[in-house]
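Structure record follows, encoded as structure tokens.
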């Protein structure tokens, strides 16, 4: 990931991957499509959402910031910021399908309010300090000096809760 974050020729002006970097970022989607998403465990999930312009199903793999096994709720962050296509799509239509490991559910996406987002990011930073440093660097944030700065950073990021509907299905 370091090469992708430091080499601006791999991304467009909006920070989206292109070329080889795009293929690498899309590789986990292919794992899920081949029934091998379980290899990624619970650290990643496949989000299926509806294109805001096309109305067609779209898919992206996201890192899980938080997971609650009791409710099935997952929290994810937009590594490419609040203007990412998947973010704009779920803001237009919050109905989603989530596959994580071998489980799948239909549900709703909800953007976290800044205090809730800040706490989710702080909890993630405590559980995965190395991944948090990479995520911060990747998103262009300076390294936070303390927990208050991590909470503030979470309040400026686009974090979403993916919550199962009452009639969720598991496979």
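The values are calculated or read from the model by the stated rules, or taken from the named source; none is laboratory data. Nothing here was measured: the structure is a model prediction, and the numbers come from that model. In this analysis, Cβ positions are derived from the backbone assuming ideal geometry, glycine residues included, and neighbour counts consider all displayed protein chains.
List of remarks:
- Residue check, residue 27 surrounded by 15 or more Cβ atoms within 10 Å (Cβ to Cβ) and modelled with pLDDT under 90: no
- A count restricted to the range 60-85 and to residues that are touching a residue at least 24 places away in the same chain (Cβ under 8 Å) and not in a strand (DSSP E or B) stands at 11.
- Answer from 110, 53, 102, 106 - the residue that is farther than 19 Å from residue 32 by Cα, surrounded by fewer than 17 Cβ atoms within 10 Å (Cβ to Cβ) and either touching a residue at least 12 places away in the same chain (Cβ under 8 Å) or within 12 Å of the chain's Cα centre (by Cα) (or both): 110
- Only one entry in 116, 163 is on the phi < 0 side of the Ramachandran plot and out of contact with any strand residue (DSSP E or B) (no Cβ under 7 Å at 6 or more places or on another chain), namely 116.
- Candidates 163, 149 - the one that is surrounded by 14 or more Cβ atoms within 10 Å (Cβ to Cβ), modelled with pLDDT of 85 or more and more than 17 Å from the chain's Cα centre (by Cα): 149
- Residues located in the range 86-119, provided they are in contact with a helix residue (DSSP H, G or I) (Cβ under 6 Å, 6 or more places away or on another chain) and not in a strand (DSSP E or B): 101, 102, 114, 117, 118
- Which numbered condition residue 19 fails, given (1) touching a helix residue (DSSP H, G or I) at 6+ places or on another chain (Cβ under 7 Å); (2) surrounded by 15 or more Cβ atoms within 10 Å (Cβ to Cβ); (3) modelled with pLDDT under 75: (2)
- Of the residues making up the range 40-52, those that are out of contact with any helix residue (DSSP H, G or I) (no Cβ under 9 Å at 6 or more places or on another chain) and either under 15 Å from residue 84 (Cα atoms) or part of a strand (DSSP E or B) (or both) number 1.
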